[in-house]
Amino acid sequence: MEERLADPPAAATSPPARGGQDAAPPSEAPPSEAPPSRAPSSGATSSGDPSSEGPSSGVTSSEGPSSGGPSSDEPAIWSRNFRFYFVARSAGLLSWAMLPVAVSAGLLSGGYGLDTAGYSMAFLVAPFAGLVLFGGVLADRFTARRMMIVADLANLTAHVLLALLFIHGIDHLWQLYALLVVAGTANALFQPGASSTVPLVSRDVQGANGVLRTSEAITGLGGPALAGAMVGFGSTGWVMVISAVCYGTSAICLFVLRLGVVPAPPAGQSLWRNLVVGWQEFRSRSWLWGVILIWMFYAVLSWGPQLSVAAGVIVPEHGASAFGLINAALGAGTVAGGLLAIRYKPQRPLAAGAVAMMAYPVYPLGIVLGWPVWLLAAAQVLVGIGIGVWGVMWATSVQTQVPGEVLNRVHAYEVAGSVGMYPIGSALAGPAVDAFGTDEVLVVGVVVGFLTSAALLAARPIRTLRRVPDRA
């Protein structure tokens, strides 16, 4: 289904591919000047920011990366490959959204305690956080598509066994924990390729990301609701059956993709060398590591603590149904943001995304001010729009600015740095509330949320990064 286009070993020591003459920094170019266009998976970097030039051993053959993308005769977004990829990704997202709710609610309804449910989530999340970097290396070495199919088949097997476990009863908790480790590991193998595949299946990368972000928001809303309803009827095992079918569907859709030639790292490099090269590529782009550094503070001080702290205020005062409605409003806003980002294509995407993220502090501020439920829900719609727009702008920037032969590894570092800090912020929420008070923690979240957007806009490499034009 796809060929590997590997660099010759000598390319590892060659200078970065520039795709023609060197580009001037955005601030030195005329305002109307766009960065040079290139296929998202090529070895040349297209940002005007010098920091976007990395030590990539990029593929420079004219028949290489660009031939892995969709034909110009196909629709810009809904190409044959993208349709299959959309089904695969949506099925996987639905399964992943159902799993934590099904496991936690199934255990609690089966008489197990909160500690067991907490341990289960730790066994699910820890392998993902710890192994996603290696997932990026393996995806670059063996192709993202193959690793995603392997991950789907592993998840299918794990969910079939989880179904049997919940249907017939859990005799030993280690069996549950072991299967959750398999599921978490499979998702660590899948995630890096999920990002790098988008430029290979759609000419309009930002539009495709907008569609996928919308699907993610919808499955994020529907998955937990479906899982909760089925567990309420005593059908935890059947939730796992549905998930297994979804992963099987995803594997089949990925198998029939026709990606042509895809870039590969130089032959003969060890796994550890591939990991080091990925780190060099990551840190050579100041706009990339700058965003992740800012996001780490945001995750610990604002994003991480917010869910549990907000629940501690809203549920006792307005009830669990009101809290569910408010979070559903967030999902609805994210859908709207994803749809908006399909059409809205600013020349400086990260700057536009940072402006959109200024909506984030509105919700925690509303909780502090004691807003009614309907106004908090409206605030969450606004927050969701901002998150949806930022998410699409960020994903598109990474996918189109980073060479294809290192994209999986760079994306893995990005995920590890940004998402990896969220559990720390969540864990610190309770002690912080006990030490400083609920309103104080929420106010810190408001301030940090605003400073996050301000920092993104203040950092010149982030603010001035230009959009790569769509492929014709």
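The values are calculated or read from the model by the stated rules, or taken from the named source; none is laboratory data. Since this is a predicted model, take the numbers as computed values, not measurements. FYI the Cβ positions are ideal-geometry reconstructions off the backbone, even for glycines, and counts take in every protein chain you see. Side chains are part of the model used for accessible areas, which takes the heavy atoms of the whole protein and leaves out ligands, DNA and RNA. Shrake-Rupley method; radii C 1.70, N 1.55, O 1.52, S 1.80 Å.
Under the condition of being open to solvent by less than 40 Å² (accessible area, probe 1.4 Å) and part of a helix (DSSP H, G or I), the residues counted in segment 101-113 number 6. Within segment 445-472, residues that are over 14 Å from Val291 (Cα atoms) sit with their Cβ atoms under 6 Å from residues that are among the basic types (Lys, Arg) and buried (at least 20 other Cβ atoms within 10 Å of the Cβ), at 6+ positions apart or across chains, in these pairs: Asp470/Arg203; Arg471/Arg203. Residues that are in contact (Cβ under 8 Å) with a residue 40 or more places away in the chain and open to solvent by 20 Å² or more (accessible area, probe 1.4 Å) were ranked within segment 313-333; the one that is nearest to Gly386 (Cα to Cα) is Leu330.
The rows are residues; the columns are (1) aliphatic (A, V, I, L, M); (2) modelled with pLDDT of 95 or more.
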| site | (1), (2) |
| --- | --- |
| Ala395 | yes, no |
| Gln401 | no, no |
| Arg409 | no, no |
| Pro423 | no, no |
| Ser426 | no, no |
| Ala429 | yes, no |
| Ala432 | yes, no |
| Arg460 | no, yes |
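Of the residues making up segment 167-176, none is out of contact with any Phe, Trp or Tyr (no Cβ under 7 Å at 6 or more places or on another chain), open to solvent by less than 10 Å² (accessible area, probe 1.4 Å) and closer than 27 Å to Ala328 by Cβ. Quick check on my filter: what residues within segment 368-378 are out of contact with any Leu (no Cβ under 8 Å at 6 or more places or on another chain) and either assigned to a helix (DSSP H, G or I) or among the acidic types (Asp, Glu) (or both)? Residues satisfying the conditions are Leu369, Trp374, Leu375, Leu376, Ala378. Considering every residue within segment 419-433, establish whether at least one is polar (S, T, N, Q) and open to solvent by 10 Å² or more (accessible area, probe 1.4 Å). Taking every residue of segment 419-433 in turn, at least one turns out to be polar (S, T, N, Q) and open to solvent by 10 Å² or more (accessible area, probe 1.4 Å).
The residues of segment 391-414 that are part of a helix (DSSP H, G or I), open to solvent by less than 10 Å² (accessible area, probe 1.4 Å) and aliphatic (A, V, I, L, M), listed by number, are Val392, Met393, Val398, Val406, Leu407, Val410, Ala412. The requirement of being open to solvent by 30 Å² or more (accessible area, probe 1.4 Å), under 30 Å from Ala412 (Cβ atoms), under 20 Å from the mean Cα position of the chain (by Cα) and touching a residue at least 12 places away in the same chain (Cβ under 8 Å) is satisfied by Trp295.
Yes or no: Ser196 surrounded by fewer than 24 Cβ atoms within 10 Å (Cβ to Cβ), within 15 Å of the chain's Cα centre (by Cα) and of a type in the set (S, T, N, Q)? Against the criterion (surrounded by fewer than 24 Cβ atoms within 10 Å (Cβ to Cβ), within 15 Å of the chain's Cα centre (by Cα) and of a type in the set (S, T, N, Q)), Ser196 does not qualify. Taken as a whole, segment 266-284 holds at least one residue that is in contact with a strand residue (DSSP E or B) (Cβ under 7 Å, 6 or more places away or on another chain), at pLDDT below 90 and farther than 30 Å from Leu365 by Cβ. Annotation note: Cβ proximity below 7 Å between a residue of segment 388-415 that is farther than 12 Å from Ser196 by Cα and a residue that is assigned to a helix (DSSP H, G or I) and hydroxyl-bearing (Ser, Thr, Tyr) (sequence gap 6+ or interchain) occurs for Gly388/Thr334. Among residues of segment 83-97 that are part of a helix (DSSP H, G or I), those with a Cβ under 7 angstrom from a residue that is open to solvent by 50 Å² or more (accessible area, probe 1.4 Å), sequence gap 6+ or separate chain, pair up as Val87/Thr249; Ala91/Thr249; Leu93/Glu216.
Of the residues making up segment 210-251, just one is free of Cβ contacts under 8 Å to residues at least 40 places away in the same chain and either closer than 17 Å to Ile170 by Cβ or in contact with a Gly (Cβ under 6 Å, 6 or more places away or on another chain) (or both), namely Ser235. Report yes if Thr143 is in contact with a helix residue (DSSP H, G or I) (Cβ under 9 Å, 6 or more places away or on another chain), over 15 Å from Leu180 (Cβ atoms), open to solvent by less than 50 Å² (accessible area, probe 1.4 Å) and not hydrophobic (A, V, I, L, M, F, W, C), otherwise no. Yes, satisfied.
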